[in-house]
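Reviewing the structure listed below.
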Ligand code: BF8
C-alpha cells in the first residue's frame, strides 16, 4: 500500500489528464489492480518477443533467433529472422484487419435485416448517403423505396468481402496514380476475407519464406481493410445512423453522474451502443430508475463505440482505452456494457471491487465473470431494455462512501466527417488546397490510435498535436487519439489560439477547432477518402500530398493494419511505440526506408512526440517542395 502522496505521484507519472490522475490515485488507494500494475509485473518483458524473433507457430517450436548473429540463426524448420519477423507482422496485421472488417460485416448484416423488416428498432436514416453509395455500386434508385435500395446495397457490400471480381469497388475511390502503384506492386486489394485467409495460409510453416513477398501481402491485406472492411463499416453505419455533422459534447470521467444510473458503453460497433442509448429514454425505464431513487439514466461512451455515439448523438465520452478500469474505479458505474475489441479481460475482476456489473453482448466476446446477454438485431430493442434494467436494479447497490467522480468534464466538438468538411468548404476542396498552396496551412497530419501503458496516458497524443498545430499543420484525429484531444481541450474552436497564425486564421474564419475529430478507428477510412478526394481534385496521387500520419501511443493489431494501409496509400507514418520488427534488419530497412521509393511513404519510429513533430514537418516540407509549393 502507498500513502496518499505516493499514490498521487504514481498517478501523475501514469497519466497526463488530472481527472485520470485523480482516479488512478483512488484505484491505488482502493487496492485495485490496473494495466499499469500488470505492465510492471511483466518486467522485464521478453526481448525475443519485442524484436519479433520468437516463433510459436508450430509444434516443432517455440523457437527464437539469437539477435546478435550467434547461434541459433534459424528455427527448427529453417526459418531465419527475416522470415519469422515478417510472418509475425503479417499475422498481427491480419488479426487487426479481421477485427475491423468483421465489425463492418455485422453492420452490413443489420442493414440487410433492417431493409427486409427483420430487425427491431433500426431504420435507414441517411437517404442522401444511401443514394450516393447506390450510384457508386450501379444500383437503381428511381422510384424505389429506401429499403429496396438498402437491400441491394447490403448485398453488394457483402459481395465485396469475398468478391470474385479481383478488386474492390470501394478502392475505386483512390486516385489513378495511387492505384497504379498498387498494380505495379501486385497489391490491388481483393476481398478482405480472401486477403486474410491467404495471409493465414502464407504464415503457415513451409509456405511463404520470402520476407519481401510476405510484407507485400501484408500491404495488400491492409488495403483490403482500409479501402474495404473499414470503409464499409463507416459508410454503412452512416446510412443506418446518420452521417456525422459538427456536434458539441463533453469528455473525461467527470461525465459520470452522482445521482443517475451510469452506464458506460465500451467497444466498437454502433449497432449495440446506438440501441442502448435509444432505449435509455424509454418511459418505462425512466420510471423504473426513478423508483430506485435515481434522477435518470446516464449513458456515456468509451473508446470507439463512444466515438460513434458522440459524433452522431452528442453522447458524452468517459475516456480512452486506459480509462476503462478507471471508470469502474470511480465507484459510480452501475454497468459496463461491451461488445468487442479493446476490452480488458480483467474487467470483471476490477468490477468485483465495486458494485459494477460487466455485461458482454457478443457471442464473439465472452468473459468469465461477466453477465452475458446476447444482443441480436431481431430483438435488439428488447435486449437493450433488459440490459438497462439490470443497471437500474444495481443502482441501490452503489456505495456513496466509495464514489469519487472528477469535478469537471471538458467541452469538445466532434462530427467532422469527410462530407461535413467538404460541405463546410463549399462543396470543393479548393479553399483547403489554396490555403495549403499559400502555406497558410502547411499540411495535414492524422493522429490516430490507442493508449499504451508503456507511455504516460495521452502525453504522446497531446504533445504531438500541440506541436503540429503551432507549426500551422492541421490535425485530424480518430480513435482514442481524438478522445485524448477532447479530454485535453483541443477540440473546441477556442483551441485555435494555440495554433500558428495561419492555421489560427483559417480556424477562426470557419469557427472550427485546429484538431478535427473524424470518428472511430474504422473511420480512418474517412481520412483516406478525404486524401483521395483532395488528390483527385489536384490530379495527383495520395503519396504526392503533404499529408502524414502518426500513432504515438498505439498498442493494437488494428493499428498495424491502419498504419500499413496509410503507408501503402502513400502516407508517411510515425509510430511512437516500436513495432516488433527490429530483430530483422532487412524487414526494418524495407519498412522504414525502401518503401519510400515505391509508395513515396514509409514508417518511422520516434517515441519522443516533439521529435516526431520534427519528422512529420520535414516530410510535409519534402512533399511541398516536390509539388513546387
Ligand atoms: O479501435 S484507438 S485502443 S478503442 S484500437 Fe482500441 Fe486503439 Fe482505442 Fe478503437 Ni482503435
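Bear in mind that the values in this text are calculations on the coordinates, not laboratory data. Since the model is a prediction, treat every value here as computed from it, not as a measurement. We place every Cβ from the backbone using ideal geometry, glycine too, and count neighbours over all the protein chains shown.
Could you check the spin-label model distance between residue 147 and residue 594? Points 7 Å from the Cα along Cα→Cβ, value in nm.
Spacing of the two 7 Å Cα→Cβ label points: 5.6 nm.
Want the number for residue 59 to residue 201: 0.36 nm per residue separation, take away the alpha-carbon distance, what's left?
49.5 nm
Quick one: of the DSSP bridges fully inside the chain, what percent are antiparallel, nearest 5?
Percent antiparallel among DSSP bridges in the chain is about 15.
Sort 265, 595 so the one with the fewest other Cβ atoms within 10 Å of its own Cβ comes first.
595, 265
Calculate the spin-label point distance for residue 510 paired with residue 76, positioning each point 7 Å from the Cα along the beta-carbon direction, and give it in nanometres.
With each label point 7 Å from Cα toward Cβ, the separation is 5.8 nm.
Can you give the FRET efficiency for residue 610 and residue 140, using 1/(1 + (r/R0)^6), R0 = 56 Å, r = Cβ-Cβ distance, to the nearest 0.05? Intermediate results must be reported in sequence, preceding the final value.
Details: r = 54 Å, r/R0 = 0.97.
FRET efficiency, residue 610 to residue 140: 0.55.
Starting from the Cα of residue 346, step 7 Å toward the Cβ, then list every residue of region 442-458 with an amide N under 20 Å from that point.
Correct set: 450-458.
Neighbour counts of other C-beta atoms within 10 Å: give me 36, 227 arranged from fewest to most.
36, 227
Roughly how many Å is it from the Cα centre of region 405-461 to that of region 514-531, as a whole number?
8 Å
In deg cm²/dmol, rounded to 500, what helix-only [θ] at 222 nm does the chain give when every DSSP H run of at least 4 residues adds -39500 (n - 2.57) and the total is split over its residues? Spell out each step's value before the answer.
On the way: 27 runs with 302 residues, N = 629.
So the helix-based figure for the chain works out to -14500 deg cm²/dmol.
Could you check the spin-label model distance between residue 38 and residue 382? Points 7 Å from the Cα along Cα→Cβ, value in nm.
3.5 nm
Using the number of other C-beta atoms within 10 angstrom as an exposure proxy, rank 147, 172, 617, 553 with the fewest first.
Sorted ascending by nearby Cβ count, the order is 172, 147, 617, 553.
Could you please state, rounded to a whole Å, how far the C-alpha centre of region 344-358 is from the C-alpha centre of region 2-38?
18 Å
Subtract the Cα-Cα distance of residue 470 and residue 364 from 0.36 nm times their separation in residues, and report this length gain in nm to one decimal.
Result for the pair: 33.8 nm of gain on full extension.
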